[in-house]
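Enquirer: Structure in structure tokens, see below.
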Amino acid sequence: MKKYDCAASALVWTILAGAAGICLGAPLNLEGYLGVIFAIAVAAWHIVKAIEEKDSSSGNSGADSL
């Protein structure tokens, strides 16, 4: 997968997670909070995944690079 495809995918999934959080949080009066929490969680997952893929492609494990 190309670098830009991954970035576009991360953006789309983050927006979808935020929208889902808004929809799920509406009955609980937590629209903004839940949307932001879901969006941050998905964005963080994509960042961690990108770091792990970079480490695995360079042949280093996470502990070795520290």
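Enquirer: Could you check how many residues of the stretch 39-57 are at pLDDT 85 or above and open to solvent by less than 50 Å² (accessible area, probe 1.4 Å)?
Expert: 5
Enquirer: In the stretch 9-36, which residues are open to solvent by 50 Å² or more (accessible area, probe 1.4 Å) and within 30 Å of S57 (Cα to Cα)?
Expert: L11, V12, W13, I15, L16
The values are calculated or read from the model by the stated rules, or taken from the named source; none is laboratory data. As the structure is a computational prediction, the values presented were derived from the model and not from experiment. Side chains are part of the model used for accessible areas, which takes the heavy atoms of the whole protein and leaves out ligands, DNA and RNA. Shrake-Rupley method; radii C 1.70, N 1.55, O 1.52, S 1.80 Å.
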